[in-house]
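Quick notes on the structure that follows.
The values are calculated or read from the model by the stated rules, or taken from the named source; none is laboratory data. Since the model is a prediction, treat every value here as computed from it, not as a measurement. A quick note on method: Cβ atoms are made from the backbone with ideal geometry, for glycine too, and the neighbour counts reach across all protein chains shown.
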Amino acid sequence: MDCRKALSPSKLPEMDYALNPYTGCEHGCIYCYGPGVVHADPSTWRVVRVKRNIPERLSRELPAVNGIIGIGTVTDPYQYAEGRFMLTRMCLEVIARNDREIHMHTKSDLIIRDAELLSTIKGVVGVTLTTMDDRISKMTEPGAPLPSRRLEAMTVLQDAGVKVYALVAPVMSTLEGHEAELMDAVKETGVEIVYYNPLHFRNVDPSRMMRMGISGSERAEDSLVREGRLRGLDVRHVFKP
Ligand code: SF4
């Protein structure tokens, strides 16, 4: 499909514009707020639509734009479709040519492919990590790469000179008792900043999580902050300074 605009205004912190090369997301996270944000049918969210003309649109829009471009604000820019269509990469090439700043989110190690390109672009990348347990990951983020691959992505990006942070979002009750393990793993990648965000049900259908007995957990949030700081990590709430 063709898009009419590449960029839209973003309400997320630290981002002025949103860029999403794909509509829909194959990762199928049970806590996904994407369909709620863009008023899409959650039952077809895993059917991905590809904005084939987005790099060209972006080239035309960028000269008139100043500010931070959030990439992957609604869908993962490195989901599997990106391996075939490379729209995120093409958009990054346009951004690099125009010397603009980005703030990107992903939970896919496909981002390793673009580490060198990303190292030439101003900005920061957040890699989402919500658990160290493959079973929990498969249950809550069934289509996404496993935690070990995301940790590898953090290491590679960090080594390439890209500014990276770990994004523990959302913090679910499944993390209780495993916060230290997760902070140890992040520390080992060399990443020094961790953002976290509580689980909320705004724009989310909670029924699947409720059936699985998953809820938010202030206890896990507190413990995450404590364990991270014990290891010298800078742990911050996403929406607080
Ligand atoms: S990666 Fe993000 S957009 Fe994709 S399903 Fe998970 S929460 Fe939704």
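Give the residue that is nearest to Ile54 (Cα to Cα), with candidates limited to residues of the stretch 86-107 that are in contact (Cβ under 8 Å) with a residue 60 or more places away in the chain and within 16 Å of the ligand (Cβ to nearest atom).
This residue is Leu87.
Give me a count of the residues in the stretch 20-44 that are modelled with pLDDT of 90 or more and within 8 Å of the ligand (Cβ to nearest atom).
7
So for the stretch 154-171 (the condition being more than 24 Å from Leu12 (Cβ to Cβ), touching a Gly at 6+ places or on another chain (Cβ under 8 Å) and in contact (Cβ under 8 Å) with a residue 24 or more places away in the chain), does at least one residue qualify?
yes
Val74 passes all but one of (1) within 14 Å of the ligand (Cβ to nearest atom); (2) surrounded by fewer than 20 Cβ atoms within 10 Å (Cβ to Cβ); (3) at pLDDT below 95; which number fails?
(2)
Can you tell me which residues in the stretch 7-51 are exposed (fewer than 15 other Cβ atoms within 10 Å of the Cβ) and part of a loop (DSSP other than H, G, I, E, B)?
Correct list: Lys11, Pro13, Glu14, Gly28, His39, Asp41, Val47.
Taking the stated definitions as given, is Ser148 of a type outside the set (Lys, Arg) and at pLDDT below 95?
Judged against the criteria, Ser148 is not a match.
If I ask for residues that are within 18 Å of the chain's Cα centre (by Cα) and away from the ligand (no atom under 16 Å from the Cβ), which ones from the stretch 45-70 would you list?
Correct list: Ile68, Ile69.
Here are Glu56, Glu14: which of them is over 28 Å from Thr174 (Cα atoms), acidic (Asp, Glu) and at pLDDT 95 or above?
None of the other options fit; the residue is Glu56.
If a residue must be more than 17 Å from Leu233 (Cα to Cα), in contact with a Leu (Cβ under 8 Å, 6 or more places away or on another chain) and hydrophobic (A, V, I, L, M, F, W, C), how many such residues does the stretch 146-170 contain?
The number of residues fulfilling the criteria is 3.
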